[in-house]
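Chemist: Below is one structure. I have some questions about it.
The values are calculated or read from the model by the stated rules, or taken from the named source; none is laboratory data. Given the structure is predicted, the values throughout are model-derived calculations rather than measurements. Quick reminder, even Gly has a Cβ in these numbers, built from the backbone with ideal geometry, and neighbours come from all protein chains shown. Each accessible area value is taken on the protein alone, full model and side chains, heavy atoms only, with ligands, DNA and RNA left out. Shrake-Rupley method; radii C 1.70, N 1.55, O 1.52, S 1.80 Å.
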There are 2 protein chains.
Amino acid sequence: VKLATVGAVAATLLATTGLSLLGGRGGERRPAGGVGSRVFVVERETRSLAVYDLARREVLPRRIEGFGDLRHAVMTFSRDLRWGYVATRSGKLSRIDLERLERAGDVEVSRNSIDIAVSQDGRWIATAEYAPGGVTILDADTLEVAARVPAPARVTGIVDAPGNRFVCVVIETGEIWVIDASKPGFPVEHRIRAASGEPYDAMITPDGRFYVVGHLHTDHVSLLDLEHPEHGARTVLLGDAGELYERDTPAKLPHLASWAVAQGRVFVPLVGEERLAVLDRHTWTYQGSVPLRGHPVYAVRSPSEREVWVSFSGEEDDRFIQVIDTATLAVKRTIEVGRRIYHMDFTPRGSHLVASANKDDRLVLVDATTYEIIDVEPLRSPSGVFGPWRAFTIGL
Amino acid sequence: VKLATVGAVAATLLATTGLSLLGGRGGERRPAGGVGSRVFVVERETRSLAVYDLARREVLPRRIEGFGDLRHAVMTFSRDLRWGYVATRSGKLSRIDLERLERAGDVEVSRNSIDIAVSQDGRWIATAEYAPGGVTILDADTLEVAARVPAPARVTGIVDAPGNRFVCVVIETGEIWVIDASKPGFPVEHRIRAASGEPYDAMITPDGRFYVVGHLHTDHVSLLDLEHPEHGARTVLLGDAGELYERDTPAKLPHLASWAVAQGRVFVPLVGEERLAVLDRHTWTYQGSVPLRGHPVYAVRSPSEREVWVSFSGEEDDRFIQVIDTATLAVKRTIEVGRRIYHMDFTPRGSHLVASANKDDRLVLVDATTYEIIDVEPLRSPSGVFGPWRAFTIGL
């Protein structure tokens, strides 16, 4: 049989049976959506990924299983939306076929990986390692290890950056590293000292300009302007100098999400305080704060940048989302979603928000215009929520 | 044979033969990429769509043919990346299967359609009609006509907007219409008078906040704040009041692309003048202009918002792209790409730019870091360039 013929037959069969492949109730409701419709949800305890189909508004019957330790696991996507990648605390990196919804390649990259990024040109995957310290770089097509960039300590907060760079932070030495993924050997182009205090995580702004590092038990973060790495890292205070300030309040960065950068401002959840700090987006100076019902964990901007949605820690508050108006800086709505909200993300045009309520074992879809909960799906201990639009977003 | 078994067989066959389905040289180079890697290029004269695979850096052998009149045709994508949609000047709307790369449904929606949008919830497709005047709304799953919203004249510039709205402009009556796609019957919620001068096209800002209408033979545009439609449309001047100004210089909006909204500024190509006008993003006041080598056509922001890339009209200039630094407002680079550049777009993380050079029958891939041309592909009379990331972008 000629390959072309087999291919045509396969395509016809798949077209007629595709619904039963991916969904249990083909034809009864809206058909299962394509790759762009599939939101992957980490089920931490069972080390599995569930797939929520946004078009169909249901969890697909095919779960993906057999991962390593998925605590704090982040999923990233190939630029062509053919693959997903998950790095795990047991050091195993798994590739996921986004069409067939199954694991399609596992590599032992380290003893303990904490973070993952894909280069802007799509050719390289980088994982940040707790043990042994360093960065491992893999070929995105073959999954072969292309380079090991050793570090003297644990590495975290790895992101892609403009100019085909990777940026990460070395925890025990307090250094920000910029790695050039366009050059053979993946040289560390810059090693920049961060502010005082042990770094524990980092992020990049959505425009790829600033790399921000959080430090344990401090009231500041480090800020590196990636357009001018030669200027070094600045220290940015998360409170007004005139304010009474608990010096040992932890200023914690969320692990999975960015701070919300919206409408000329940066909204920073201060763990241990019942407020969001508000910084000026351009000068990074403190502008004030938004009082909240509890201790914020995540602040996520709506794609229109008109709102920031905030989740909380603590039994009293962790079932609520508060919606901040970015023009008035006031809380405009409080929505009860489910206990222990671990993660949330907007659909890319902002029509809906997907949130995991870990303690209630559910995934919730919220209409972002009416603030109504329009779908609730049972899941096992859900945490991170990862939509395919991350493939097209700097730093995700 | 049970459906599940057939499905599994089909999936296996497709996995082993997928390369030969889509590409001619499977295995020789990098494998053909997934849906996220496929850029669709309108070939106007042959009424076909060519597919450029970004991962593979080649045009796939499978062209899609049999469209209506593709002059000024815009392609939009379903939210789940299963389908593309093209509305044509002959009134035929075609749906394209993004996986199989073939037409999968044609509907005669009008005698002459000019523009197309998908609602933010993904359920509805709207086409703007020149003849008969009005908007046709189709069910995105079944392609059945769900409603016809008649207008007394030609309609253009249709976009999706937050709150599941469609916004468009009625040319001869000079009205901006806001249609509520969440309500049965698709009511026209607002009819707002635009500024003087015949509207000819419109756009929405990337945050979905402002709708901008261009008027023939004027030095102004209309601006509607969609958060406050009750305030009506404002007139925004494209020149300084103190400047000498040709009153009948056409202030032409590009048809396919937005003006470039970057770093707090709006960059407006003024057709007939050798400059970009620069407006303040928040107040919409005129700030100044950037002198250019010729008459600009498109201004496209890089995803990092650090640069705006500009194409030109006129034989002397239309083979060049000029790169503007959005911080200094100076031209930092001029790149020769090919004659009569009709359209261009960045890949979503900004690593590359894809441009069509119509008169040279070529598609060009530019490395946006080094400004080098790294791939040139022969195409037939290429014009519009449409990447799947449009599925995840407000207004595209």
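Chemist: Taking +1 at the Cβ of each Lys and Arg and -1 at the Cβ of each Asp and Glu, which of A:Val135, A:Ser90, A:Ala55 sits farthest along the dipole of the stretch A:46-139 towards its positive end, judged by Cα position relative to the Cα centre?
Modeler: The residue sitting farthest along the positive end of the dipole is A:Ala55.
Chemist: Put +1 on the Cβ of each Lys and Arg and -1 on the Cβ of each Asp and Glu in chain B; which of B:Gly66, B:His190, B:Tyr342 then has its Cα farthest toward the positive end of the dipole?
Modeler: Looking along the dipole axis, the top candidate is B:Gly66.
Chemist: While we're looking at this one, here's another question. Checking an interface number: how much accessible area is buried between B and A, summed over both chains, with a 1.4 Å probe, in Å² rounded to 100?
Modeler: 4700
Chemist: Enter the accessible area per residue of the stretch A:286-373 (Å², integer; probe 1.4 Å; all protein chains in place).
Modeler: Per residue, the stretch A:286-373 has an accessible area of 36 Å².
Chemist: Considering only the label points, 7 Å along Cα→Cβ from Cα, what distances in nm to one decimal separate B:Thr285 from the same position in each other copy, shortest first?
Modeler: Counterpart label points of B:Thr285 in the remaining copies fall at 2.0 nm.
Chemist: With springs only between Cα atoms under 10 Å apart, run a GNM on chain A and tell me which of A:Val366, A:Val155, A:Val221 wobbles the most.
Modeler: A:Val366
Chemist: Along the stretch A:215-223, what does the Karplus equation 6.51 cos²θ - 1.76 cosθ + 1.60 (θ = phi - 60°) give for ³J(HN,Hα), rounded to whole Hz, x for Gly and Pro?
Modeler: Once θ is set to phi - 60°, the couplings for the stretch A:215-223 become 10, 5, 6, 9, 10, 9, 10, 9, 10 Hz.
Chemist: Do you know which residues of the stretch A:298-318 lose at least 40 square angstrom of accessible area in the protein assembly compared with their chain on its own, with a 1.4 angstrom probe?
Modeler: A:Ser304, A:Arg306
Chemist: Please list, ordered by chain and number, the residues whose modelled amide H lies under 5 Å from the amide H of B:Val74; skip anything fewer than 5 residues away on the same chain.
Modeler: Long-range HN contacts for B:Val74: B:Ala87.
Chemist: In the stretch B:196-226, which residues give up 50 Å² or more of accessible area once the other protein chains are added, compared with their chain alone (1.4 Å probe)?
Modeler: Flagged in the stretch B:196-226: B:Asp207.
Chemist: Of B:Ser304, B:Ser94, B:Ser356, which is the most mobile in a GNM of chain B whose springs link Cα atoms less than 10 angstrom apart?
Modeler: B:Ser304
Chemist: What is the distance in Å between the Cα centroid of the stretch A:50-97 and that of the stretch A:128-205?
Modeler: 23
Chemist: For chain B, set up a GNM with springs between Cα atoms under 10 Å and report which of B:Trp284, B:Trp309, B:Trp124 has the largest fluctuation.
Modeler: B:Trp284
Chemist: Suppose you put the label 7 Å out from Cα in the Cβ direction; list, shortest first and in nm with one decimal, how far A:His217 is from each other copy's label.
Modeler: Shortest to longest, the spacings are 7.5 nm.
Chemist: Provide an ascending nm list, one decimal, of label-point separations from B:Pro152 to the equivalent residue in each further copy; define each label point as 7 Å from Cα along Cα→Cβ.
Modeler: 7.9
Chemist: How large is ³J(HN,Hα) for each residue in the stretch B:157-166, as worked out from phi by the Karplus curve 6.51 cos²θ - 1.76 cosθ + 1.60 (θ = phi - 60°), to whole Hz, x for Gly and Pro?
Modeler: Those phi angles translate into x, 7, 9, 7, 9, x, x, 6, 9, 10 Hz.
Chemist: Run a plain Debye calculation on the protein assembly as shown (Cα atoms as equal point scatterers, no solvent) and give log10 I(q)/I(0) at q = 0.07 Å⁻¹, rounded to two decimals, same order as the q list.
Modeler: Here log10 of I(q) over I(0) equals -0.49.
Chemist: Calculate one ³J(HN,Hα) per residue across the stretch A:91-107 by plugging θ = phi - 60° into the Karplus curve 6.51 cos²θ - 1.76 cosθ + 1.60, and present them in order as whole Hz with x for glycine and proline.
Modeler: These are the phi-based 3J(HN,Hα) values: x, 8, 9, 10, 9, 10, 7, 6, 8, 8, 6, 8, 5, 9, x, 10, 10 Hz.
Chemist: Considering amide H positions built from the backbone, and no H for Pro or chain starts, which residues 5 or more places from B:Ala146, or on another chain, come under 5 Å of its amide H?
Modeler: Here B:Ile137, B:Leu138, B:Asp139 satisfy the definition.
Chemist: Return the residues of the stretch A:333-350 for which accessible area with all protein chains present is lower than in the chain on its own by 40 Å² or more; set the probe to 1.4 Å and exclude ligands, DNA and RNA.
Modeler: A:Pro348, A:Arg349
Chemist: A further question on this structure: What residues qualify as long-range amide H neighbours of B:Ala104, i.e. H under 5 Å apart, gap of 5 or more or another chain, H built at 1.01 Å from N?
Modeler: Distant-sequence amide H within range of B:Ala104: B:Arg95, B:Ile96, B:Asp97.
Chemist: How much accessible area per residue does the stretch B:163-208 have, in Å², with a 1.4 Å probe?
Modeler: 34
Chemist: Taking all protein chains in place and a 1.4 Å probe, what share, in percent, of the accessible surface of the protein assembly as shown do carbon and sulfur account for?
Modeler: In the protein assembly as shown, the share of accessible area belonging to carbon and sulfur is 48 percent.
Chemist: Report the semi-axes of the equivalent ellipsoid for chain B in whole Å, largest first, where each axis is √(5λ) for an eigenvalue λ of the Cα gyration tensor. Mind dumping the intermediate values first?
Modeler: Numbers: eigenvalues 230, 156, 60 Å².
Each semi-axis is √(5λ); the values are 34, 28, 17 Å.
Chemist: Mind putting a number on the dipole of the protein assembly as shown about its Cα centre? Charges go on the C-beta only, +1 for Lys and Arg and -1 for Asp and Glu, and I need it in Debye to the nearest 20. All intermediate terms of the calculation are to be shown ahead of the outcome.
Modeler: Values: 94 positive and 106 negative charges, 381 e Å.
Approximately 1820 debye in magnitude.
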